[in-house]
Amino acid sequence: MTFRRTQDDIKRQARQKVMVLKHLQTGQPLTQDTAREKYGCRHLASRISELKKAGHVILSLRNSQGCATYLLLSDEGGRE
C-alpha cells in the first residue's frame, strides 16, 4: 500500500509551516511538544526541514534524551 498526500494534507502542512515560522520569528524556541499542543503539528522536524530548504537559518539543539529544540537564527534568506 502506498501513501498519497491529499489536498487537505498539503494545505494542513502549509498552514503548520506558516505557524511554526511565525512562532520562531518571535524569538521563542520551539519543541515538538509545544508544536503539537499549540499548532497540531505532529511532524515538526519535517516542517523545520521545509523552512531550512526555503532559506531560513534554524538552529537545532538536542537534550540528553534526544529531543530537539529549534531556534530561528536568521530570517533574511527565507523566500516565504
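The values are calculated or read from the model by the stated rules, or taken from the named source; none is laboratory data. Bear in mind the structure is a predicted one, so any value in this text is a computation, not a measurement. Every residue, glycine among them, receives a Cβ derived from its backbone with ideal geometry; neighbour counts consider all protein chains shown. Quick note on the areas: whole protein, heavy atoms, side chains included, nothing else; ligands and nucleic acids left out. Shrake-Rupley method; radii C 1.70, N 1.55, O 1.52, S 1.80 Å.
For Asp33, indicate whether it is open to solvent by 100 Å² or more (accessible area, probe 1.4 Å) and in a helix (DSSP H, G or I). When the stated conditions are applied, Asp33 does not pass them.
Conditions tested, residue by residue: (1) surrounded by 15 or more Cβ atoms within 10 Å (Cβ to Cβ); (2) on the phi > 0 side of the Ramachandran plot; (3) among the acidic types (Asp, Glu); (4) over 9 Å from the mean Cα position of the chain (by Cα).
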position: Arg4; (1), (2), (3), (4): no, no, no, yes
position: Asp8; (1), (2), (3), (4): no, no, yes, yes
position: Arg12; (1), (2), (3), (4): no, no, no, yes
position: Lys22; (1), (2), (3), (4): no, no, no, yes
position: Gln25; (1), (2), (3), (4): no, no, no, yes
position: Glu37; (1), (2), (3), (4): no, no, yes, yes
position: Arg42; (1), (2), (3), (4): no, no, no, yes
position: Ser49; (1), (2), (3), (4): no, no, no, no
position: Leu71; (1), (2), (3), (4): no, no, no, yes
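You will find that of Leu30, Leu72, the residue that is touching a residue at least 24 places away in the same chain (Cβ under 8 Å) and more than 22 Å from Lys11 (Cα to Cα) is Leu72 and no other. Within region 51-69, the set of residues being surrounded by 14 or more Cβ atoms within 10 Å (Cβ to Cβ) and part of a loop (DSSP other than H, G, I, E, B) comprises just one member, His56. Regarding region 53-65, can at least one residue be identified that is under 10 Å from the mean Cα position of the chain (by Cα) and modelled with pLDDT of 95 or more? Yes, some residue in region 53-65 is under 10 Å from the mean Cα position of the chain (by Cα) and modelled with pLDDT of 95 or more.
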